[in-house]
Each structure stands twice: as C-alpha cells, then as structure tokens.
Amino acid sequence: FDLPKMMGQANNEQTILQCVQQIGPSVGAQKMLTWEFQHAQEAEMSGVYITWRSPQAKDDCFRVGSNSKCFCGHLFTSHEKKLTAKKTSTQCQKCDCKHFQFVPRRPEEVGMWWLPRRKGFNINTWRASCQCKHSHEEHKPNRPMNCKKCGCYSFQSDFCCLGCDQKFEEHETLFETERERQVQGKPIRQEFLPLAQNPEIQRETMKKLGIDGRSAEQRFLDELEEEKRQAQEEQTHSSLGIPLKSGQKELVLNPHKGGSVPQVSVIIDKSKNYNPKQDVKRPEKSIQLMNKNLKK
Ligand SMILES: [Zn+2]
Ligand SMILES: [Zn+2]
Ligand SMILES: [Zn+2]
Ligand SMILES: [Zn+2]
Ligand SMILES: [Zn+2]
C-alpha cells in the first residue's frame with residue numbers, strides 16, 4: 001500500500017496523519033509519532049521549541065527533542081544545551097561537532113515506508129545518506145560537511161523531507177522560545193502537539209501509543225476497573241430475576257434439555273471453592289427449581 005508522493009503540498013499535520021494510517025503495520029510510524037508527541041511535550045515543559053524547518057515549509061517539518069539524532073551521529077541528549085537569549089550553544093560532548101543539526105533517524109522519516117519491510121533491512125545500520133552514497137556519519141559534522149570517504153565537498157541529501165519535500169541542506173534546526181514563536185503566530189503549547197487540528201484522532205492516537213498522560217500504574221488500574229465494570233454488566237440478575245450480590249454467579253444445571261428434565265439454577269459464591277458433592281446444604285447457596293416457575 002504505497003502512499004502517494006507528496007509534492008511540496010504537505011505539511012506536518014498531513015505527515016502525522018500519514019503516520020497514523022501506518023501505526024498498525026509500521027513500528028517506524030509508531031516511533032515517529034511517539035517522538036513527535038514527546039518532543040512537543042518537552043518543548044512545552046522547557047519553554048524552548050526546537051524544530052527542523054525549511055524556508056519553503058508552511059510549518060515545522062519535525063519536532064526535535066531527546067530522541068532526535070544529530071548529523072554527527074550522536075543523539076540530541078549528548079549535546080550541550082546552553083540556551084540563552086543571545087546565544088545557543090549545542091556542542092556535542094562525544095565528538096567535535098559544534099552545533100546540533102537534526103538528521104532523519106529512520107527511513108520512514110524520509111518517506112521510505114516500504115524499506116523496513118524489505119528482507120535483510122537493518123534499522124541499526126541504516127543512515128540517511130548523501131548523493132555521494134556515503135552516510136551523514138561519513139561526512140564531517142562541521143561546515144562545509146565534506147565527505148571523509150570521497151571527494152564530495154558538502155553533504156547533499158539523496159532524500160527529501162517528508163514534511164516539505166525539500167532537501168536536507170535546505171533545512172535548519174531552529175531553537176525558539178515560546179515568546180518568539182508567539183510573536184510570529186507559530187503554534188505553542190497544546191497547539192504545538194501533533195494533530196492539534198484533529199482532536200478526536202489525536203485522542204485516539206495518544207491512547208494507542210500509550211502516551212495519553214496516564215502513568216503505567218494508572219493505566220493498569222483503569223483496565224482493572226474496566227474489567228470489573230464489564231463483569232458486572234454481564235450478570236447482575238439471575239435468569240429468574242433475582243439480584244446477584246457481587247461475587248455471586250449463576251450456575252445453570254441441565255440447561256436447554258426441555259421436556260421433563262427440570263432446569264436448575266444455582267447461585268454460587270464465586271470466591272469460594274464450590275464443590276457440590278461435599279457441601280450442598282451450605283446456607284449461602286440458594287437453590288431454585290426452575291421448573292416450578294415454568295409451570296406458572
Ligand atoms: Zn552533533
Ligand atoms: Zn557528536
Ligand atoms: Zn557526500
Ligand atoms: Zn562521499
Ligand atoms: Zn522539510
């Protein structure tokens with residue numbers, strides 16, 4: 001199920017919707033979406049909005065954050081984050097990369113949805129690459145980002161951005177404060193969350209991804225509560241209309257035999273080990289002869 005190629009008309013919201021369609025079959029889409037939501041939440045909490053964007057893009061191409069990878073091959077978390085009003089310092093602590101520069105981490109981020117399904121594909125070795133056929137990690141992290149393996153003078157992506165259809169080199173990683181974005185009319189806070197324009201799909205998606213704000217413990221408790229509720233809905237009265245107390249259930253003997261065989265309905269205590277051979281006369285088990293009722 002190949003998706004139509006988008007020619008410059010796409011924006012982030014459409015990209016995300018495309019991901020939502022892929023959630024079921026694609027681990028990559030799930031990851032991408034989770035990262036987008038997580039990075040939006042990080043931005044709201046820190047007040048610093050980090051995005052990847054090209055001048056041609058209508059909005060932010062990617063939300064950048066702790067899961068994002070830098071051109072140098074190291075994660076965002078390995079970079080220094082000194083963000084003052086005057087200067088952004090994002091030097092890498094693992095190599096001599098001077099500035100964090102977002103680079104796609106997965107083939108899905110450059111629209112190659114089919115690639116991970118190909119036999120022999122390995123996500124751990126896949127890297128976004130240059131037209132010289134060498135990966136971003138094989139290029140020097142600082143300008144002019146020349147190739148270490150061939151005479152290529154500067155990294156030129158052999159892929160296009162999923163959001164704006166432009167090349168990697170058309171983009172920049174932007175660090176903005178909430179105020180700076182507000183002044184420019186760019187989305188902030190709740191509006192910055194993926195699918196903000198489609199609240200229903202957003203809610204469902206967050207639920208599916210397990211990022212709807214509930215803790216793992218709360219999710220577990222909610223599930224228990226839900227199971228309990230369903231169990232109660234199942235049987236609140238015996239087939240004769242006698243209300244069942246919690247922990248009781250109805251046991252129908254000789255069901256659907258009809259004719260002369262009496263149908264017997266027994267209400268038993270679910271929590272106790274019910275063994276009729278031993279203890280039929282215990283008071284908490286009420287026995288009703290159903291055929292009595294049927295004769296009325
Ligand atoms: Zn770096
Ligand atoms: Zn680095
Ligand atoms: Zn190159
Ligand atoms: Zn090269
Ligand atoms: Zn873009």
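The values are calculated or read from the model by the stated rules, or taken from the named source; none is laboratory data. From a predicted model like this one, the values you see are computed outputs, not experimental measurements. All Cβ positions, even for glycine, are placed from backbone atoms using ideal geometry, and neighbour counts span all protein chains on display.
Which of the residues belonging to region 146-166 are within 34 Å of the chain's Cα centre (by Cα), in a loop (DSSP other than H, G, I, E, B) and either within 11 Å of ligand 5 (Cβ to nearest atom) or surrounded by fewer than 19 Cβ atoms within 10 Å (Cβ to Cβ) (or both)?
Gln156, Asp158, Phe159, Cys161, Leu162, Gly163, Cys164, Asp165, Gln166
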Name the pairs: first residue in region 52-67 and within 12 Å of Asp165 (Cα to Cα) and more than 16 Å from ligand 1 (Cβ to nearest atom), second residue in a loop (DSSP other than H, G, I, E, B) and of a type in the set (Asp, Glu), Cβ to Cβ under 6 Å, at least 6 apart or on different chains? Arg53/Asp60
When region 105-138 is examined, which residues are found to be among the basic types (Lys, Arg) and farther than 15 Å from Phe159 by Cβ? Arg117, Arg118, Lys119
Selection within region 59-105 - within 30 Å of Leu17 (Cβ to Cβ), hydrophobic (A, V, I, L, M, F, W, C) and not in a loop (DSSP other than H, G, I, E, B): Phe62, Cys70, Leu75, Phe76, Phe102, Val103
Among the listed residues Phe76, Phe121, Phe37, identify the single one that is within 30 Å of Ile201 (Cα to Cα), at pLDDT 90 or above, more than 16 Å from ligand 1 (Cβ to nearest atom) and within 25 Å of the chain's Cα centre (by Cα). Phe37
Could you look through region 128-145, keep only residues that are in contact (Cβ under 8 Å) with a residue 12 or more places away in the chain and either aliphatic (A, V, I, L, M) or within 16 Å of ligand 1 (Cβ to nearest atom) (or both), and pick out the one that is surrounded by the most Cβ atoms within 10 Å (Cβ to Cβ)? His139
